[in-house]
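The structure under discussion appears below in the form of structure tokens.
Derivation of every value follows stated rules applied to the coordinates shown; laboratory data play no part. Just so you know, these numbers come straight off a predicted model, no measurement behind them. A quick note on method: Cβ atoms are made from the backbone with ideal geometry, for glycine too, and the neighbour counts reach across all protein chains shown.
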Amino acid sequence: MMYGILLVAAGLAIVLLLQNKRKRERGGAGEYVEAAPSLLSEQQIKLIRDSWKRVVPMRKQAAELFYARLFELDPELKPLFRGKLDFQGDKLMTTLNVVVNSLEDLDSVETMLQAMGERHITYGVDAAHYETVGAALLWVLEQGLGAYFTPEVEEAWVIAYGAIATTMKAAAYPQPA
Ligand code: HEM
């Protein structure tokens, strides 16, 4: 399975994550680290679920904040979104909800994420955009969770987002052999 293959990259990613954890400034390149889902411990899955539970009641505001932050980080992304942003934001939150509910068995959502990654090419999305989206997502979590956004919660989300983005990108922009 592809998650197995990603383990080596994930190990490296975790080392980089730990090294940069304190140095990072939100909003720049390198905000999230690619990782494999098997690296999520039970405790990290719990942290993601508990924190997500706090975000779900404010999902509308979270989605609004997300797009505001995304376009602040990269105004050139705005024209890619042709549909209504509230509708789009709802779809994003619903997808994240599905993934959060499948963290023990990400293989079960692999096909969905791969197809979504392929569709994102048709929206004009590049591999590099995943970093900006990851940065905007983490920023929203920080705003929404406040003190509950501990370094441990952040680290768990970084790994989870990395796994989602890695799966979508691998399907959309395959590396030449
Ligand atoms: C965790 C990663 C992501 C998730 C879960 C996600 C989720 C979604 C979903 C559910 C849709 C609805 C249409 C569909 O299913 O194909 C969508 C559309 C879209 N996404 Fe993403 N996305 C992600 C990453 C990105 C990135 C990195 C970009 C780059 C800017 C992006 C830009 C777009 C655009 C432009 C659309 C179409 C919007 C429209 O038609 O107005 N997404 N996304």
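Structure above, values below:
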read-out	value
Unit Cα scatterers, Debye sum, the range 29-154: log10 I(q)/I(0) for q = 0.09 Å⁻¹	-0.25
Sorted by Cβ neighbour density within 10 Å, fewest at the top, the residues 98, 125	98, 125
